[in-house]
């Protein structure tokens, strides 16, 4: 670009997306599906199984990339069956340096 112009995406501050995914989402490779997608999108954060059978995701990055991740979460990997995805958008904290799979909580 010339004249110091940048795209809207360059000016957008990072945001945080907190998601709980319900359905048949444990034991089907869902966490690794999430991590693979998040890394491909340049996002930071984590994913973990919850004792109640859900999968929890916290991711930070550009909103457009997070919306792409959210779309992937609504589908899940081939062997998953997603019944509900609850989401919360928050300001990014910048606390993460990578995306990782965390232990069940």
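The numbers here are math on the coordinates, done by the rules we state, and not lab data. Computed from a predicted structure; not experimentally measured. Please note: Cβ atoms are built from the backbone with ideal geometry, for glycine as well, and neighbour counts cover all protein chains shown.
Tabulated values for the structure
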{"item": "Angle between the chain longest axis and helix 63-75 axis [Cα atoms, degrees, rounded to 10]", "result": "20 degrees"}
{"item": "GNM result for the chain, Cα springs below 10 Å: residue of 49, 11, 37 fluctuating most strongly", "result": "11"}
{"item": "Helix-only mean residue ellipticity at 222 nm for the chain, each DSSP H run of n ≥ 4 adding -39500 (n - 2.57), per residue, nearest 500", "result": "-7500 deg cm²/dmol"}
{"item": "Gain upon complete extension [residue 102, residue 24; 0.36 nm per residue less C-alpha separation]", "result": "26.2 nm"}
{"item": "Tensor-based shape of the range 43-105 (alpha-carbon gyration tensor, a/c under 1.5 rounded, otherwise prolate or oblate)", "result": "oblate"}
{"item": "Antiparallel DSSP beta bridges within the chain, percent to nearest 5", "result": "90 percent"}
{"item": "Residues listed by number, the range 31-53, amide nitrogen under 13 Å from residue 95 label point at 7 Å toward C-beta", "result": "45-46"}
{"item": "On Cα atoms only, tilt of 30-40 relative to the major axis of the chain in degrees", "result": "10 degrees"}
{"item": "Residue among 36, 56, 95 with the largest mean-square fluctuation in a Gaussian network model of the chain, springs linking Cα atoms under 10 Å", "result": "95"}
{"item": "From the C-alpha gyration tensor of the chain, square roots of 5λ in Å", "result": "27, 13, 12"}
